[in-house]
Number of protein chains: 2
Amino acid sequence: MVQAAVFGFGTVGSGVVEILDKNAGQVARRVPGGLNVKYILDIREFPDSPYGEKVVHDIDQILNDPEIKVVCETMGGKEPAYTFTKKALEKGISVCTSNKELVEYKGAELLGIAREHNCSYLFEAAVGGGIPLIMPMLNCLEQEKITSITGILNGTTNYILTRMEQENAEFGDVLRQAQELGYAERNPQADVEAHDTGRKIAILASLLTGKSVRFDDLHVEGITKITPLDLAVAGQHGFRVKLLCVCKDMGDGQAVYAAPHLVGSDSPLYAVNDVFNAVLFHGNMVDDLMLYGRGAGKLPTGSAVVADMVTAAVHAGENVPIRWSGEVEKPAPFEECVNEFYLRVDKADADRIKSALADGICEDWTSDAAGEDAVFVTGAMTEGEFAAKTAGEPLKQVIRIYRK
Amino acid sequence: MVQAAVFGFGTVGSGVVEILDKNAGQVARRVPGGLNVKYILDIREFPDSPYGEKVVHDIDQILNDPEIKVVCETMGGKEPAYTFTKKALEKGISVCTSNKELVEYKGAELLGIAREHNCSYLFEAAVGGGIPLIMPMLNCLEQEKITSITGILNGTTNYILTRMEQENAEFGDVLRQAQELGYAERNPQADVEAHDTGRKIAILASLLTGKSVRFDDLHVEGITKITPLDLAVAGQHGFRVKLLCVCKDMGDGQAVYAAPHLVGSDSPLYAVNDVFNAVLFHGNMVDDLMLYGRGAGKLPTGSAVVADMVTAAVHAGENVPIRWSGEVEKPAPFEECVNEFYLRVDKADADRIKSALADGICEDWTSDAAGEDAVFVTGAMTEGEFAAKTAGEPLKQVIRIYRK
């Protein structure tokens, strides 16, 4: 039996404890004797929980117990998660986490500390919740030259966009519904402004390059300006709007960004709706590969943390290697990315803007669904070219079009 | 550098050699110095191939070279692949294969030999081609109680069904097209009669149970009787027809079978078209998880073989454990499976058959698209109950309906 501790008894932490209890038989197939949660670290007491007697408030009580081999860090946020993770790793205790903010912020450093102390820092649950992404990427695709990673990695915004489309509803109204249902936070900014998605693609881009791609260097755009009118016009042409995060090979670097995109029905990403997440890898040999599942939630996310805890327990006393150095890798300049654009403008401005884009106009999508506005889509051009040609113009909407 | 050999320089084998050459830099990230193909075993000569000088005809020349640590077996079929694999494993050489027929037939025994000789028998490419399925199932889902596995695991039949639907074409005509394009074999029986799919679900069911689920014990039905009329009627109700293979937990065992099913647009399997494959796992904690990609082809399948070769090289001298014993696990009796059914009958027989099914009728789907026939779908009942109620009746078509 391997002894473990849980740091943070919130949604995911309590999911981890529940899974280790209910699926103890499954876990014991890999970890002889199973994985036992000996301590739960939290500032709160949980007198009504069946696990309440495991709660302690002093991290040293855990770190000084030589039986503890694995910790699950499900506190979230940078501090004290960073300090606590570092302390555990320095004691040779492996740490498994769902904390994407900390992984993006200090992943390279914490991996280095784990390496030095013959233990592991694992974070499958930090990207894509319950979907196994990181382990397959590192262990099943190492022989591939991955030319792009395209993800729907935020369940809250995917739920909002799906509801807006299906109910012809405004962003603000659907957001309120989502908050009532618990699918959106009271402060939804990290989700709807694409910070959460941006952190996740920064982590995947770092794992792809083996260097540190920083969230602060990325172009990110949220979904707050998407309207049901845009969804209706897109729908008439066989597209849905999805908040995509993208890492694509530009030859001399990776373009890494997050923004809403029109996704056509010929893409497997089109069918990823509601709170589901998916990541589409494109490799030079394997071609398209998509992994799809629940990107959030107590039990799915807890399941991915437990998978890592099992791996850490099986490899207790050694380091499970993940290549990610502290050397900063700047993304390729966003202006150089080539995209096609969906544009909605006032009818009065349409002719002038079309002529500014000159040969770039591809199709006119103006229809009754567009109401008072003109809608058109451009051909492929760089972000810089698009920005220069539309500088100063009153664009009511710009959405990129996803092309494989 | 790790030295390897390739047994069988056909489609997949030549893909493996090409990947190891073109993506040598990627492979060397995990295998210091890379993986070098020292020998290619084939009965033919390949004077025009850049790898022609590596070809040998005597397996002993390879097995007696102490440098060889990894073999890729891409010969296909039972013999001589079985004998050659056994000989290599007995020498402590790991074998990685795409040969589903041999894996289904002798997987448990060959895994045992690998275990005894501190080497590995790996077969990621045998199920789902380029899609990493087996490694994620064994290493990322070990903490789950997997309650069902539902797969589209044959690209040929998925291509045929997609074309039949899109072109309103007959099975025979589309099969001929597929043969001309190289998507179907000249003898298509293994694909269209669902033997290929059946072998693949037998392998996944064996890995799930840890025992040997035999293809010969499974109920399998192919797609030869599906008509464009069925696809049109299903389409009107939001369904497509897919050849699914199924392994589902019945409480006291696993039901394991392969048959065409109507799949609704609310399932992620609905969007799996053309030659693509996918597997949908349902776990008690992680809920739905789908892995999607190319299930066949020289480079995608080769990529999965190379991933295994990398794993075997990293773990040279030790066994990568896969739990699969020789103890035979009989599937749960097919008669006890609960399904809903799509039925097409002559209009003259409709009333009598409906009354035989009594309360089981759920919806009438008869429409102009059904032509001279009556179409209806039943509610849920066991296979045994359905068979008893329709015994002796002239049913023109029966297709099961996939429900999550």
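A short reminder: the numbers here are calculations on the coordinates, not readings from a lab. Owing to the predicted nature of the structure, the values given are computational and were not obtained by experimental measurement. With ideal geometry, Cβ positions are generated from the backbone for all residues, glycine too; neighbour counts draw on all protein chains shown.
Mind listing which trypsin sites (Lys or Arg not before Pro) in the stretch A:315-387 are in a DSSP loop and have 10 or fewer other Cβ atoms within 10 Å? Write out the running numbers ahead of the final one.
Working: sites: A:323, A:344, A:347, A:352, A:354; in loops: A:323.
Listed in order of number, the matching sites amount to none.
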Roughly how tilted is helix A:155-167, in degrees to the nearest 10 and between 0 and 90, from the longest Cα axis of chain A? 40 degrees
Can you put A:282, A:57 in order, fewest other beta carbons within 10 Å first? A:57, A:282
Comparing B:229, B:153, B:122, which has the greatest mean-square fluctuation in the GNM of chain B with Cα pairs linked when under 10 Å apart? B:229
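Could you tell me which of the pairs B:225/B:389; A:248/B:248; A:38/B:145; A:91/B:91; A:404/B:211 are separated by over 31 angstrom between their Cα atoms in the structure shown? Working shown, then result.
Numbers: B:225/B:389 22 Å; A:248/B:248 38 Å; A:38/B:145 23 Å; A:91/B:91 41 Å; A:404/B:211 41 Å.
As for pairs spanning more than 31 Å Cα to Cα, those are A:248/B:248; A:91/B:91; A:404/B:211.
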Whole-Hz ³J(HN,Hα) from phi, Karplus 6.51 cos²θ - 1.76 cosθ + 1.60, for the stretch B:5-19, glycine and proline x: 9, 10, 9, x, 9, x, 4, 6, x, 5, x, 4, 5, 5, 5
Which aspartates and glutamates, on any chain, are close to residue A:106 with Cα under 17 Å apart, when same-chain ones fewer than 8 places away are left out? A:73, A:79, A:90, A:116, A:124, A:196, A:216, A:217, A:327, A:329
Could you pull out every residue, at least 5 positions away or on a different chain, whose amide H is within less than 5 Å of the one on residue B:400? Hs are placed 1.01 Å off N in the peptide plane, and Pro or chain starts have none. B:262, B:342
Specify the angular offset, from 0 to 90 degrees and rounded to the nearest 10, of the alpha carbon long axis of helix B:81-90 from the longest principal axis of the alpha carbons in chain B. 50 degrees
Scoring the stretch A:258-339 by relative contact order with C-alpha pairs under 8 Å, at least six apart, yields a percentage of 14 percent
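Quick one: putting +1 on the C-beta of Lys and Arg, -1 on the C-beta of Asp and Glu, what dipole do you get for the stretch B:285-384 around its Cα centre, in Debye to the nearest 20? Provide the component values of the computation, followed by the final result.
Working: 8 positive and 19 negative charges, 125 e Å.
Its charge dipole is roughly 600 debye.
Give the average over all directions of the projected area of the C-alpha convex hull of the stretch B:334-401, one decimal, in nm². Display every interim value, and only then the final one.
Working: hull surface 16.5 nm².
For the Cα atoms of the stretch B:334-401, the hull's average projected area reads 4.1 nm².
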To the nearest 10 degrees, how steeply does helix A:347-357 sit against the main Cα axis of chain A, on a 0 to 90 scale? 80 degrees
Distance between Cα centroids, the stretch A:239-280 to the stretch A:75-147: provide it in whole Å. 24 Å
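Quick one: compute the contact order of the stretch A:134-293, relative version, from alpha carbon pairs under 8 angstrom and 6+ residues apart, as a percent.
Numbers: 285 pairs, mean separation 54.1, N = 160.
Computed over the stretch A:134-293, the figure is 34 percent.
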Please check: in the Gaussian network model of chain A (C-alpha springs, under 10 Å), which one of A:164, A:309, A:135 has the largest mean-square fluctuation. A:135
Near the axis that takes chain A to chain B, which A residue has its beta carbon closest, and at how many Å? A:271, 2
At residue A:361, label 7 Å along Cα→Cβ: distances to the other copies, nm, ascending? 5.7
Taking one equal scatterer on every alpha-carbon of the protein assembly as shown, how large is log10 of I(q)/I(0) by Debye at q = 0.04, 0.06, 0.10 1/Å? -0.18, -0.40, -1.15
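Compute the convex hull volume of the Cα atoms of the stretch A:50-202, divide it by the residue count, and report the result per residue in Å³ as a whole number. Please list the in-between numbers first.
Values: hull volume 24.9 nm³, N = 153.
Dividing the Cα hull volume of the stretch A:50-202 by its residues yields 163 Å³.
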Counting partner chain Cβ atoms within 10 Å of every residue's Cβ in A:35-45, what's the average? 0
Just how large is the dipole of chain B about the Cα centre, in debye to the nearest 20, putting +1 at every Lys and Arg Cβ and -1 at every Asp and Glu Cβ? 920 debye
The answer for the per residue Cα convex hull volume of chain A, in Å³, is 141 Å³
For residue A:306, the net charge from surrounding residues (Cβ-Cβ under 11 Å; K, R +1; D, E -1) works out to -4
For peptide B:10-18, the mean count of other chain Cβ atoms within 10 Å per residue Cβ is 0
Ranking B:231, B:152, B:201 by how far each Cα lies towards the positive end of the charge dipole of the stretch B:136-235 (+1 on Lys and Arg Cβ, -1 on Asp and Glu Cβ), the top one is B:201
Highest mean first, what order results for B:294-301, A:171-178 on Cβ atoms within 10 Å? B:294-301, A:171-178
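In peptide A:125-134, what is the residue-averaged number of other protein chain Cβ atoms found within 10 Å of each Cβ?
Values: counts 0, 0, 0, 0, 1, 9, 7, 10, 2, 1.
Counting Cβ atoms of other protein chains within 10 Å of each residue's Cβ and averaging gives 3.
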The answer for GluC sites (Glu not before Pro) in the stretch B:326-404 that fall in a DSSP coil and have at most 11 neighbouring Cβ atoms within 10 Å is B:327, B:372
Arrange A:376, B:281 by Cβ neighbour counts within 10 Å, fewest through most, would you? A:376, B:281
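So what is the relative contact order for chain B, in percent, with contacts set as C-alpha pairs under 8 Å and at least six apart? If you can, show how the numbers build up before the last one.
Working: 881 pairs, mean separation 74.9, N = 404.
Across chain B, relative contact order equals 19 percent.
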On the Cα set of the stretch A:1-133, report Rg and Dmax in Å, please. 13.9, 40
Which of A:182, A:283, A:13 fluctuates most in a GNM of chain A (C-alpha springs under 10 Å)? That residue is A:182
